[in-house]
Amino acid sequence: MMLILRLTDLIHKTTRKAIDILRYCYFKVQMGHIGKGSYIKPGVRITGNPKRIFIGKKFKISHNSVISVGKGKILFGDDGLIGVGSFVSAGNSQIIIGNGVAIAPHCNIIAYSHHYKENEAYVNCYKEGDIIIGNNVLIEAAVIILPNVNIGNNSVIAAGCVVNKDVPDNTMVGGIPMRVIRTIK
């Protein structure tokens, strides 16, 4: 019985690796750039022009995530990851994600959003702007990052936070509305 489990584990691992290699080759042709050791898991949906998406080396995009780009660009750094079921949407803006960034499951990084304006039709009220995430940043589960936001290096965004303004370097933030929890040394 133990031998059968080991054998099925080996077959499963080998099959997964082969699928990752085939998907890498496919995306190497389709995207603006995908670095060595990066992979995009099955179930990831890419909308818009994939030539506007650039992925550094050893970056992982997990199952059931959506990467969407209009006339903007999305740049993923090296040695990072995006958790299961996350949504990254640049629209006509840029999203730049630095090196060593860990984005937990079910996060939303949205470079455009509808916003309330007095005496204006809701359909016509939106805000758009670049999002820049520095290096060595941890974004915990279910975080929402809105347009025109810069997140500094070595920062932590606590689970469930809505980031609607800049986050300084070496800072932990959380809550709705976002507030500084503490400085990270």
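The values are calculated or read from the model by the stated rules, or taken from the named source; none is laboratory data. Owing to the predicted nature of the structure, the values given are computational and were not obtained by experimental measurement. Heads up, the Cβs are rebuilt from the backbone with ideal geometry, glycines too, and the neighbour counts pull from every protein chain shown. Surface areas here come from the heavy atoms of the whole protein model, side chains and all, with no ligands, DNA or RNA. Shrake-Rupley method; radii C 1.70, N 1.55, O 1.52, S 1.80 Å.
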Of (1) in contact with a strand residue (DSSP E or B) (Cβ under 8 Å, 6 or more places away or on another chain); (2) buried (at least 17 other Cβ atoms within 10 Å of the Cβ); (3) farther than 24 Å from residue 147 by Cβ, residue 20 satisfies every one except (2)
Restricting the search to the stretch 14-40, which residues are among the basic types (Lys, Arg) and at pLDDT 90 or above? 36
Filtered residues of the stretch 105-117 (kept if more than 9 Å from the chain's Cα centre (by Cα) and under 19 Å from residue 39 (Cα atoms)): 105, 106
Scan of the stretch 152-172 for residues that are of a type in the set (Gly, Ala, Ser) and either under 13 Å from residue 103 (Cα atoms) or touching a helix residue (DSSP H, G or I) at 6+ places or on another chain (Cβ under 7 Å) (or both), ordered by number: 155, 158, 159, 160
Based on this model, can you work out whether residue 14 counts as over 27 Å from residue 72 (Cα atoms) and among the β-branched types (Val, Ile, Thr)? yes
I'm checking my understanding of the structure. Among residues of the stretch 111-152 that are at pLDDT below 95 and of a type in the set (D, E, K, R), which one is farthest from residue 90 (Cα to Cα)? 118
Which of the residues spanning the stretch 152-185 are assigned to a loop (DSSP other than H, G, I, E, B), of a type in the set (A, V, I, L, M) and open to solvent by less than 70 Å² (accessible area, probe 1.4 Å)? 158, 159, 178, 184
Among what's in the stretch 27-60 and is part of a helix (DSSP H, G or I) and open to solvent by less than 70 Å² (accessible area, probe 1.4 Å), pick the residue that is farthest from residue 81 (Cα to Cα). 30
